[in-house]
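Right, one structure below, let's go through it.
The values are calculated or read from the model by the stated rules, or taken from the named source; none is laboratory data. The shown structure was predicted, so the numbers you read here are calculated from the model rather than taken from an experiment. Neighbour counts are summed over all protein chains in view; Cβ atoms, including those assigned to glycine, are modelled from backbone coordinates with ideal geometry.
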Amino acid sequence: MASILSFIRKAGTVFDDRTTKVMGEAFDSACKELHDTERPAIVYEVIAKRIIDGAKNGERDPVRLRNAALAALGFDATTNRQANRPWSSAS
């Protein structure tokens, strides 16, 4: 599974240890919510970008960060539903 650390480095942004840990939790949780199985790289990039953007704007709640990342993919974490999952291998 991908790690948010590589995406943080690419973004050229620095966060304190606590924020980085929260971001990692949000990223891992978002990937798990998607039943993480070899998704295209763009899926991880979208998740990471949303989490990084949220953290840049001061969000520190891992659940909110995760939900924002999943919403970017059209996924509602509160209902575990998504209308269209183009990256899913399930039919």
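Could you tell me whether segment 16-24 includes any residue that is part of a loop (DSSP other than H, G, I, E, B), modelled with pLDDT of 95 or more and either touching a Gly at 6+ places or on another chain (Cβ under 8 Å) or loosely packed, with under 15 Cβ neighbours inside 10 Å (or both)?
So the first thing to find is which residues in segment 16-24 are part of a loop (DSSP other than H, G, I, E, B), and the list is 16.
Adding the requirement that they be modelled with pLDDT of 95 or more leaves 16.
Pick out the ones that are also either touching a Gly at 6+ places or on another chain (Cβ under 8 Å) or loosely packed, with under 15 Cβ neighbours inside 10 Å (or both) and you get 16.
Within segment 16-24 (the criterion being part of a loop (DSSP other than H, G, I, E, B), modelled with pLDDT of 95 or more and either touching a Gly at 6+ places or on another chain (Cβ under 8 Å) or loosely packed, with under 15 Cβ neighbours inside 10 Å (or both)), the answer is yes, since at least one residue qualifies.
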Scope segment 25-41; condition within 14 Å of L70 (Cα to Cα) and assigned to a helix (DSSP H, G or I); matching residues: E25, A26, F27, D28, S29, A30, C31, K32, E33
Restricting attention to segment 25-54, and to residues there that are over 10 Å from the mean Cα position of the chain (by Cα) and among the small types (G, A, S), which single residue is modelled with the highest pLDDT? G54
Would it be correct to say that D28 is among the acidic types (D, E) and crowded, with 17+ Cβ neighbours inside 10 Å? yes
Being in a helix (DSSP H, G or I), touching an Asp or Glu at 6+ places or on another chain (Cβ under 8 Å) and among the basic types (K, R) narrows it down to one of R50, R9, R66, so name that one. R66
Looking at (1) touching a Lys or Arg at 6+ places or on another chain (Cβ under 6 Å); (2) within 12 Å of L73 (Cβ to Cβ), which is the only condition I47 fails? (1)
